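Since the structure comes first, as structure tokens, the remarks are kept for the end.
Coordinate-derived values only; no laboratory data. As the structure is a computational prediction, the values presented were derived from the model and not from experiment. Here Cβ is always computed from backbone atoms with ideal geometry, including for glycine, and neighbour counts include all displayed protein chains.
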């Protein structure tokens with residue numbers, strides 16, 4: 001995984017990977033997280049949204065993942 005920007009210490013911004021799909025889907029399915037959105041998303045909807053983010057990877061701006069430590073997909077350091 002290549003960091004695009006290191007923010008502070010071990011926190012960096014990076015492009016999306018397939019390992020991010022399950023944690024992203026869990027966030028999108030959580031009613032508390034999605035309280036200010038029209039509704040929650042199921043796995044298929046979440047994956048479709050993630051695919052829309054892919055074209056941004058070649059640009060210097062756009063949606064990125066914040067990673068901490070060694071396991072960005074689970075948040076475990």
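Quick check on the exposure proxy: order 37, 24 from fewest to most C-beta atoms within 10 angstrom. It would help to have the intermediate numbers written out before the result.
Details: 37 10, 24 20.
Starting with the residue having the fewest Cβ neighbours, the order is 37, 24.
Going by how many other Cβ atoms sit within 10 Å of their own, how do 18, 47, 30 line up, fewest first? Walk me through the numbers before you get to the answer.
On the way: 18 9, 47 16, 30 12.
Starting with the residue having the fewest Cβ neighbours, the order is 18, 30, 47.
What's the extension gain from residue 36 to residue 49 if we count 0.36 nm per residue and subtract their Cα-Cα distance? Mind dumping the intermediate values first?
Values: separation 13, 0.36 × 13 = 4.68 nm, distance 1.69 nm.
Working it through step by step, the gained length comes to 3.0 nm.
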